[in-house]
Amino acid sequence: MKTVTILGATGSVGTSTLDLVERAPQDFRVLALTANCDVAGLAAAAIRTRAALAVVADETCLPALRDALSGTGTVANGGAHAVSDAAAMGADWTMGAIVGCAGLAPTMAAVAQGGIVVLANKEPLVSAGDLILAGARASGATLLPADSEHNAIFQCLDAARPQGVRRIILTASGGPFRDWSREAMRSVTPAQAVAHPNWSMGAKISVDSATLMNKGLELIEAARLFPIAHDRIEIVIHPQSVIHSLVDHIDGSMLAQLGPSDMRVPIAHCLAWPARMATPMAPIDLVAIGRLDFEAPDAVRFPALRLARQALEAGGARPAILNAANEVAVAAFLAGRIGFLEIAAIVADTLDRYDPPAPETLDAVLGVDAEARVYADACVKDCVI
Ligand code: NDP
């Protein structure tokens, strides 16, 4: 039986993880569940799974959590430090599914404990990938990628023989505005942007998928996780989201991983790894799908792709600034303060205005992240609609 901790248990990835864990109570015991402030969702999950600990990052929500859990046997705690403490409890298997760089410190805490740490939360890898990998080397933790593209590559790539790999190809659905002109994208609303054609996800990653910043973040994530040169990681638009990514080898063989557009597939791969476990989804029906389409991404209509590749190539603090500015801009867009096209413009402006030296410690990364948010906030104020 594996002990399991889920960071971000009330979100889209968190609830998918809980669904799988709850289907196999003989295999998993829940140690800790965390959320930001969704007390009802967190308490219900903690009670169902008999979790030892439930934590809200927002300390103002702790009294409500204490009330909801009183008499249940689950301990309640609150505050950002308490989320990291929960991550450090030493679970055999930890899911990192917090959204944004708020997941960085808890991810580092989980990695420092060893065990299996599953990374859905991509922003910490973008901002501090080297530190997370170094932490895993030091503690002996095993990092597994739950992001569907990286999980697909993980399944197709023989990491011990990278010299046999010609290219990694990340697939992208293209999002809801794949065919839209820049002019049409000018008036996109938050409701349109979060309505992803293939995947049901949290609001932030849905907007990232619509700007294609998600694919830019995934490009950086892939460069961190796999021993392949940056210029051999490519992106192709594949609107059906059936192939989740591919590895092309020097002998001409291309391996792909296919599956339903449901995060429970890559999460199950990580939960059972190196074995396999059953999931409740119907198998994909190739005949019903009929055809698979591919097209080149358009970095003119979707400048986030170019910004992310430039940040990856420049290295240093650039990826952390890109990520922080994007988090600020997406939040402003979701709050109706800026237009859709301003998201990438604010990221570009922030990268122009702020160019600190490379951060080499966790505190330094958090410092760059905080300062980049100040610059990005100023850019938001400049273009409030
Ligand atoms: P959601 O917005 O659905 O869930 C986010 C989770 O993080 C919630 O549990 C939320 O708690 C918690 N949270 C939010 N802010 C904080 C904070 N400041 N401190 C601690 N916890 C916080 O996100 P998703 O599940 O969609 O995405 C999670 C991560 O996984 C993201 O990094 C995303 O890019 C990545 N990912 C997601 C995929 C998907 O299909 N959704 C696919 C691949 C990767 P509360 O509910 O209380 O707000």
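Hey, can you tell me all the residues within the stretch 12-31 that are within 14 Å of the ligand (Cβ to nearest atom), touching a residue at least 40 places away in the same chain (Cβ under 8 Å) and touching a strand residue (DSSP E or B) at 6+ places or on another chain (Cβ under 8 Å)?
Across the stretch 12-31, the qualifying residues are Val13, Gly14, Thr17.
Just checking, how many residues over the stretch 113-149 are closer than 22 Å to Ala358 by Cβ and more than 16 Å from the ligand (Cβ to nearest atom)?
Adding up the residues that qualify gives 8.
Just to confirm my filter: which helices (runs of 4 or more DSSP H) fall fully inside the stretch 298-385 and include at least 2 residues that are modelled with pLDDT under 95 and open to solvent by 50 Å² or more (accessible area, probe 1.4 Å)? Let's see the steps before the verdict.
Values: elements: 304-314, 318-334, 342-353, 362-382.
Passing ranges, in order: 362-382.
Could you please find all residues in the stretch 150-172 being within 16 Å of the ligand (Cβ to nearest atom) and open to solvent by 20 Å² or more (accessible area, probe 1.4 Å)?
At the first step, the residues of the stretch 150-172 found to be within 16 Å of the ligand (Cβ to nearest atom) are 150-155, 170-172.
Selection gives Phe154, Gln155.
Show the residue pairs that are 6+ apart or on different chains and have beta-carbon atoms under 8 Å apart, the first residue being within the stretch 236-260 and closer than 26 Å to Pro176 by Cα, the second being of a type in the set (Phe, Trp, Tyr) and outside any strand (DSSP E or B).
Val236/Phe294; Ile237/Phe294; His238/Phe294; Ser241/Trp199
Looking at the stretch 264-297 only, could you name the residues that are β-branched (Val, Ile, Thr), touching a residue at least 12 places away in the same chain (Cβ under 8 Å) and loosely packed, with under 13 Cβ neighbours inside 10 Å? Break it down stepwise before answering.
First pass over the stretch 264-297, keeping only residues β-branched (Val, Ile, Thr): 265, 267, 279, 284, 287, 289.
From what is left, the residues that are touching a residue at least 12 places away in the same chain (Cβ under 8 Å) are 265, 267, 279, 284, 289.
The one that is β-branched (Val, Ile, Thr), touching a residue at least 12 places away in the same chain (Cβ under 8 Å) and loosely packed, with under 13 Cβ neighbours inside 10 Å: Ile289.
If you check Ser245 against the conditions, is it outside any loop (DSSP other than H, G, I, E, B) and either open to solvent by less than 30 Å² (accessible area, probe 1.4 Å) or under 20 Å from Ala128 (Cβ atoms) (or both)? Walk me through how you get there before you give the answer.
Details: outside any loop (DSSP other than H, G, I, E, B): yes; either open to solvent by less than 30 Å² (accessible area, probe 1.4 Å) or under 20 Å from Ala128 (Cβ atoms) (or both): yes.
So Ser245 fits the description; yes.
Looking at Leu305, is it within 28 Å of Phe177 (Cα to Cα) and touching a residue at least 40 places away in the same chain (Cβ under 8 Å)? Steps first, please.
On the way: within 28 Å of Phe177 (Cα to Cα): yes; touching a residue at least 40 places away in the same chain (Cβ under 8 Å): yes.
Considered against the rule, which asks whether it is within 28 Å of Phe177 (Cα to Cα) and touching a residue at least 40 places away in the same chain (Cβ under 8 Å), Leu305 comes out as yes.
Looking at Phe302, Phe340, can you tell me which residue is more than 17 Å from the chain's Cα centre (by Cα) and within 21 Å of Ala378 (Cα to Cα)?
Numbers: Phe302 fails: within 21 Å of Ala378 (Cα to Cα).
Residue meeting the stated conditions: Phe340.
Could you grab me the full set of residues in the stretch 210-248 that are in contact with a Lys or Arg (Cβ under 6 Å, 6 or more places away or on another chain) and more than 23 Å from Ala195 (Cα to Cα)? Please lay out each step first, then the result.
So in the stretch 210-248, the residues in contact with a Lys or Arg (Cβ under 6 Å, 6 or more places away or on another chain) come out as 217, 221, 232, 234-235, 248.
Glu221, Arg232, Glu234, Asp248, listed by residue number.
Looking at the stretch 118-202, what helices (runs of 4 or more DSSP H) fall wholly within it and have at least 2 residues that are without any contact (Cβ under 8 Å) to a residue 40 or more places away in the chain and either farther than 18 Å from His238 by Cβ or more than 19 Å from the chain's Cα centre (by Cα) (or both)?
On the way: elements: 123-139, 148-156, 182-185, 190-194.
Here the list reads 123-139, 182-185, 190-194.
Taking the condition touching a residue at least 60 places away in the same chain (Cβ under 8 Å), farther than 24 Å from Leu170 by Cβ and hydrophobic (A, V, I, L, M, F, W, C), does Leu312 pass?
Details: touching a residue at least 60 places away in the same chain (Cβ under 8 Å): yes; farther than 24 Å from Leu170 by Cβ: no; hydrophobic (A, V, I, L, M, F, W, C): yes.
No: the conditions fail for Leu312.
Within the bounds of the stretch 74-81, is there any residue that is in contact with a Cys (Cβ under 8 Å, 6 or more places away or on another chain) and farther than 23 Å from Leu362 by Cβ?
Within the stretch 74-81 (the criterion being in contact with a Cys (Cβ under 8 Å, 6 or more places away or on another chain) and farther than 23 Å from Leu362 by Cβ), the answer is no, since none of the residues qualifies.
Look through Thr34, Thr74, Thr3, Thr94 and report the one residue that is within 13 Å of the ligand (Cβ to nearest atom) and either at pLDDT 95 or above or closer than 23 Å to Met201 by Cα (or both). Walk me through it before giving the result.
Details: Thr74 fails: within 13 Å of the ligand (Cβ to nearest atom); Thr3 fails: within 13 Å of the ligand (Cβ to nearest atom); Thr94 fails: within 13 Å of the ligand (Cβ to nearest atom).
Exactly one of Thr34, Thr74, Thr3, Thr94 is within 13 Å of the ligand (Cβ to nearest atom) and either at pLDDT 95 or above or closer than 23 Å to Met201 by Cα (or both), namely Thr34.
Quick test for you: out of Leu225, Leu217, pick the one residue that is in contact (Cβ under 8 Å) with a residue 60 or more places away in the chain and open to solvent by less than 30 Å² (accessible area, probe 1.4 Å).
Details: Leu225 fails: open to solvent by less than 30 Å² (accessible area, probe 1.4 Å).
Unique residue meeting the criteria: Leu217.
Please determine, by comparing only the residues of the stretch 178-200 that are modelled with pLDDT of 95 or more and closer than 23 Å to Ile289 by Cβ, which one is farthest from the ligand (Cβ to nearest atom). Quick ask: steps written out before the conclusion?
Initial filter on the stretch 178-200 (modelled with pLDDT of 95 or more): 178-194.
With the extra rule that they be closer than 23 Å to Ile289 by Cβ, the set shrinks to 178-179.
Details: Arg178: 18, Asp179: 23 Å.
Taking the candidates together, the pick is Asp179.
The values are calculated or read from the model by the stated rules, or taken from the named source; none is laboratory data. Computed from a predicted structure; not experimentally measured. So basically every Cβ, Gly included, is an ideal-geometry build from the backbone, and we count neighbours across all protein chains shown. Note: accessible area is taken over every heavy atom of the protein model, side chains too, but ligands, DNA and RNA are not part of it. Shrake-Rupley method; radii C 1.70, N 1.55, O 1.52, S 1.80 Å.
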